[in-house]
Amino acid sequence: MEATASASANGSSLSSSRSPTPAPLVQPDHFFGSEGTQLPPSPNSDGRTWLEPEDDPLAHRGIPVFKPTMNEFQDFEGYMKKIECWGLRSGIVKVIPPKEWVDALPSTKDQLGPVKIRTPIEQHMLGRGGLFRQENVEKRRVMSVREWAELCEKEEFRAPGVEDVGLHGRGAYVKTRSKRSKMRAASTKVESAEPEDLSAKVKEEEGEDDNDEAQETPDGLSAPLSPPTSAGLPQTPVSANADDLVHHPASFDPSCSDDQAPVDVDMMAHDDKDVSEKKQVAKKRGAQSREVREAERAAKDAAFLETFEPHKDWLPPCTKADDYTVEFCQKLERQFWRNCGLGKPAWYGADTQGSVFTDETTAWNVGHLPSFLSRILPSSSKGLPGVNTPYLYFGMWRATFAWHVEDMDLFSINYIHFGAPKFWYAMPQGRGAALESTMKGYFPKDISQCPQFLRHKSFLASPTLLAQSSCRPNFLVQRAQEFVITYPRGYHAGFNLGFNCAESVNFALESWVELGRKAKACQCISDSVRIDVDQLLLDRETERLNYQAPEPERRRPSSKRKALEGEEPRAKRKRPKTKPEVLISTPAAGPSASKVTLKLGPRPPEDIFPCCLCTSPSRDGLFPVQDPPVGRRELPESLSSLESEAWVAHEECAKVVPETWVDEVEVGTSLEKRVFGVDAIVRDRWNLKCAACSKARHKAHGAPIQCTKGKCAKSFHVGCARDGGPSGIVYSIMREVEKEVILVYPQPNPLPSPQHITPTLDGVPMDLDAAGSQLEMQQVEPQVLKIIKKYDVELLCLQHNPAVAAAKKASKQDRIKAELAALPPMSRIKIRVSSGVFEVSLLRIVEDTGSVEVLWDRGIKREFKWGSVIFGQTEGQTVVQKPSEPAPEVPHTSMQVTTYPSVSAATASSAMSPQATSATAHLPAHYALPHQQYHHATNEFGSGAWSYHARYEIPQPRQAQLPQMSHGYAAFYSQPAYGQSGNSTYQALNSTQVQWQQPYTGGKSQNVQGSSQ
C-alpha cells in the first residue's frame, strides 16, 4: 500500500488532472468451507490478486469471513460500507474481531447477575422428512442464568459431546457427571440436612408471579399449569407426569444431577412414606414469604456466578472447545436433522431485553451501536426493543431460528458472548426468490393466509430438501466472540449447538433507504414492525430547518421597571404544525412490552371509481348502466353502497367484458346509449382480483378480464390492461365482431326425468309417453333479441408476453455464455440430459448454435445446448463421470472401389478380366468359399452362425487377389446366400452372363439363386 500511495503522489505532481487510483475492495480472509482452497482471481482483475463479488453473484465460493485490523475495526459504519458489496450477494458474512479488542473486553459474569430470562419459549417441531412447522409455546417463567444453565445440563437438553456422535450415538454413551454437577451434588447433601431446607429449595424455583401456582399430583410432585400459547398457535397439552418436570424449572430440584433425577422420581412414586413427607413439606413451604424466597434465590445465583467460568462450563462431558471443528459441527448437524421433532422440545430464551456489553467497549458495542436507523427515529423515542435496542438470546442444544429475513429488510448483527457455537444457513439474495417459491409450494395454505408468511419465523426446511429445488444454502459455524452480519433480503436460519449467550440488534446503513421504502411487512400480525421511511426523513428535515440556536440568557427586568418603561408584552411565537404520519411498533416482549406511536395525520380520502367495471379515473365515454345490480351480496365493497343513478361504465369496458354491451334506448324523443348486461355478470367475475393494481381496494373493484393465453388465471381491469404496456402487459383490440343477445325463458318447477320416475295407478305402472310429451311442451327454444357489436381483444400477462419471454431467454443465454467464457478449456462441467447428470470436459463454446462441445463416451465429441449446463451444487443426484481425454485418432482402412459410368461398362470390364475364371484361388482366408452346404458350415465357436470377422472386418485386399465382379462389391457376396445350396461355386456365378436387376427394396420374398439367373 505504501508503494501505491507514493506512485500516485508522484503521478499527481506530474499531472494534476489525473484521477486518483481507486482503493481496492476489502478482501475476505477466506470463504467458509474453502479455507485451504486457492480460489482463482477475478477474470476482470487484469492480473490483480483480489476477488470481486460481482464475479460470484450466487456466492458459490461460500460465505465470506473477514479479519479486520484494529484500525479498520474502530469505525463500525465505515467498515460495514466497505464489506457491504459482499454481504449483498452472500446474505450473511462473518467478522472475526482483532485479538486486541477481544482481550480488552471486561468479564461478562458481573453483567449476568441482573439478567432475567422472561417467558422462554418451548419449540415444538411438527413435520418430517426435513420439512417442519415450528410452534412456540411461551412458558410462564422468569429464570436466571443459573437456572438456564442447570436446565441445559439435563439429559433431555444436554448437547452431545465427542463420544455422543458416531455410529452408536447417545445410546452407547455412559453417563458421566461434570465437575460442576459433582460440586452441586455435594452441596445438596449438606444443605438438605433438615426438611425445612428442602422445602425452601423447592419453593425458590417458583416464578415471581404469585398467581403461577402448581397443582398437586397424586405422587406428591407439583405439576405445572398449561402454559399460554402464542398468538395464532394451537394450545399444546402439558401432561402431569414426572417426565414433564424438565419443562418447568419450578418442579425439579436444580441440585440433583442428571443421573440421579430419574431414580429419585421412581422412588418417590412408589414409596408411600416419601409421599406423605412431601405433602407436609408443601404445607410448610406455603408459609414462607416471597421476600425470603427471593433472597435465597439471589444468594444461589451469586454463588453460581462466583464459580461460573463462561468459556468452559458449557462444554459437554469429555469435550473441549477445540473439538468443535467444522467436521464435528457437521456431524452435529446430521444428528440435529435426524432427530428433529423427536424427544423433548427444546427451549429458547429469546428476545430478552438487555445487553452484556459495558460502556468500556467503544467499538462494535452492540448495546450502543451507531446506526442510520437510530438517527432518523424521533429523539423522544426511547428505542424499539430488538430493532435499535439489543436483545439477549440464551440457547441450548436444538434451539432453532427458522427461515426468515429481518423486519423491514434491515441489517442485523449477532455476537456470541460465550458458549457453544451457532450453526447458520444462508441463502444468497440471488436465490431468495427461488426459496420463497419453494416454501410456497411446501406450505400453500400459509401463503394464502399471509403473503409474508416467512416473516413468522415458523417454517423450517433442511438444506438437503432445498437442494432438490435448486436453492441449496451455504452454511457457517459462528463460535464465541465472533460477529455474524445479516443483510437485507438475505434469508437465514440455524440452530444452537449447546448452551450459549448471544446478543443481537438491527441497524441500517444509508443504502437501506431505498430498500426500506420497498420492504413489505406482515399484515396478519398487528404488532409487526412498520417504518415509514419517507415520513421519518421528512420529520428530521423539518426539525433541522426549524431549529434555532438558543440565545444567551439575559437578566429579565423587574416588573416595576417594565411598568415605568411601558414595555408591551411580546406575542408568543407559534411553532409550525407538522403532521407526521408514521406508526412504529414492535412485538410484545414479556411484561415490559413497549410501543412507540407517533401522531397520525388525517385519514386519506378513499378513492372514488367513476366506472363500475374498472378503476380508471377517466370520465370520457361513460354511459349509465341499465338495470344495475343494486344490493347484491356478491358485489365488491366499492359497489355495495352505490345508488342506481351512480352506476356508470366506460364504453370500451362494456364492449370487452363478455357479459356486457352498449345499446341505444329511447328516452323521450331522443336515443341515448346505455350499458346493458351488468346485472348478468356472474359472481366469479366480481371475485377476480386485478394483478396490476397495488392496493387491496383497487384490486377488488370492478369486473376484470382474464389473460387469453390458455388457462392463465391472471386478471386485469380493462383500463389497467390498456395502460399496462410499461409493466409488460399486452393489450390489443383484434377486431370488432357481432354477437347475438339471446333471451332464455326460465323453466320453473320442471318435471323430473321420466327415466327416474315410475308413476303407478292402484299399483299398476302407468304409461310414460304422456309425461314425456308434457315435458317437451314446456321446452321453449331461446329467442334472439338482437345483434350487438363487441371487441375481440388479446390480453397477455407478463408471464405470457412473448417479448418479455424472449428478453428473459436472451438474458439467460448471455449469462450462461459469460459464465462459460470464464472457464478455461478442458474444465469439468456438468450436463443435465434426459438420461441423467454427467460431468464432462469442456472443449469449446459454439456461439452460432448456442451450444458447447464436450467429450462424451470413448472420448468422442458431442454438442449440447447452453441450457443443459448446470451451475451450482448437485448433491443428492447421481453424477456420471465421462472421459477427460479425447480418443486417439485411428486411421480407417477401406477397400478401393471401382466405379463405372454405366452397367454395360461394368459388365464389359468383368468379361475382359483375366482373373474372372480363377477368382477362387486368389481369395484370402476371410473369403474362402465353403465346399459344403450352409447348414454344415460352422465358425470357431462351433455354431452354425456366420463369424463376426467374416461380416464386419474387411482387410485391405491386394489388387491381384480380388476378383473382378460386375457389381464391384465382391467382399459382401463372396459367401453363398442364406438358403443357397453349397454345390454352386464362385466359378459358376461368373460363368454366366451377369444381367442387371432391380435392387432389392424389401417387402418381397425372392430366391437369391433365381435372381442371379
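The order of the peptides 860-867, 390-397, 784-791, 688-695 by mean Cβ neighbours within 10 Å, most packed first, is 390-397, 688-695, 860-867, 784-791.
On full extension, the segment bounded by residue 849 and residue 885 gains 10.5 nm, given 0.36 nm per residue less the C-alpha separation. If the chain linking residue 812 and residue 877 were pulled fully straight, counting 0.36 nm for each residue of separation and taking away their Cα-Cα distance, it would gain 21.0 nm.
The heavy atoms of residue 409 offer some 10 square angstrom of accessible surface to a 1.4 angstrom probe.
If you take all other residues with their beta carbon under 11 Å from the beta carbon of residue 98, and give Lys and Arg +1 and Asp and Glu -1, the sum is -1. Of the cross-linked pairs 699/789; 812/882; 457/711, those separated by over 32 Å at the C-alpha level are 457/711.
Residue by residue, the range 848-859 carries 3J(HN,Hα) couplings of 5, 9, x, 9, 10, 9, 10, 8, 10, 4, 6, x Hz when phi is fed to the Karplus relation 6.51 cos²θ - 1.76 cosθ + 1.60 (θ = phi - 60°); x denotes Gly or Pro.
Computed over protein heavy atoms with a 1.4 Å probe, the carbon and sulfur contribution to the accessible area of the range 822-870 reaches 50%. Measuring with a 1.4 angstrom probe and ignoring ligands and nucleic acids, residue 404 comes out at about 10 Å² accessible.
The H on the amide N of residue 30, modeled in the peptide plane, is under 5 Å from the matching H of 65, each at least 5 residues off or on a different chain. Cut-off 14 Å, label point 7 angstrom out along Cα-to-Cβ of residue 105: give me the residues of the range 336-364 whose amide nitrogen falls inside. Only 355-364 fall inside the zone, counting backbone N under 14 Å.
Accessible area per residue was computed with a 1.4 Å probe on protein heavy atoms; residue 471 scores about 0 Å².
For residue 75, neighbours were defined as the other residues whose beta-carbon sits under 10 Å from its Cβ, and their charges (Lys and Arg +1, Asp and Glu -1) total 0.
Per-residue 3J(HN,Hα) values for the range 456-464, derived from phi via the Karplus relation 6.51 cos²θ - 1.76 cosθ + 1.60 with θ = phi - 60°, read 6, 6, 10, 10, 10, 9, 6, x, 5 Hz in sequence order (x marks Gly and Pro). Close amide H partners of residue 350, meaning residues 5 or more places away or on another chain with modelled amide H under 5 Å apart, are 121, 394. Remark: the range 822-870 carries a charge dipole of roughly 160 debye about the Cα centre, counting +1 on each Lys and Arg Cβ and -1 on each Asp and Glu Cβ. Positive contributions from Lys and Arg (+1) and negative ones from Asp and Glu (-1), summed over other residues with Cβ under 15 Å from the Cβ of residue 739, come out at -1.
Taking each residue as 0.36 nm, the span from residue 643 to residue 538 lengthens on full extension beyond its C-alpha to C-alpha distance by 33.7 nm. Here the relative contact order of the range 822-870, from alpha carbon pairs under 8 Å that lie six or more residues apart, stands at 31 percent. Each label point was placed 7 Å from the Cα along the Cα-to-Cβ direction; for residue 826 and residue 514 their separation is 4.5 nm. Phi angles across the range 691-700 convert, under the Karplus curve 6.51 cos²θ - 1.76 cosθ + 1.60 with θ = phi - 60°, into 3J(HN,Hα) values of 7, 8, 7, 9, 9, 5, 5, 5, 4, 7 Hz, Gly and Pro given as x.
Residues whose amide H comes within less than 5 Å of that of residue 138, counting only those at least five positions distant or on another chain, are 122, 230 (H built at 1.01 Å from N in the peptide plane).
The values are calculated or read from the model by the stated rules, or taken from the named source; none is laboratory data. Just so it is clear, the structure is predicted and the values come from calculations on it, not from any experiment. Neighbour counts are summed over all protein chains in view; Cβ atoms, including those assigned to glycine, are modelled from backbone coordinates with ideal geometry. Note: areas computed on protein heavy atoms with side chains; ligands, DNA, RNA excluded. Shrake-Rupley method; radii C 1.70, N 1.55, O 1.52, S 1.80 Å.
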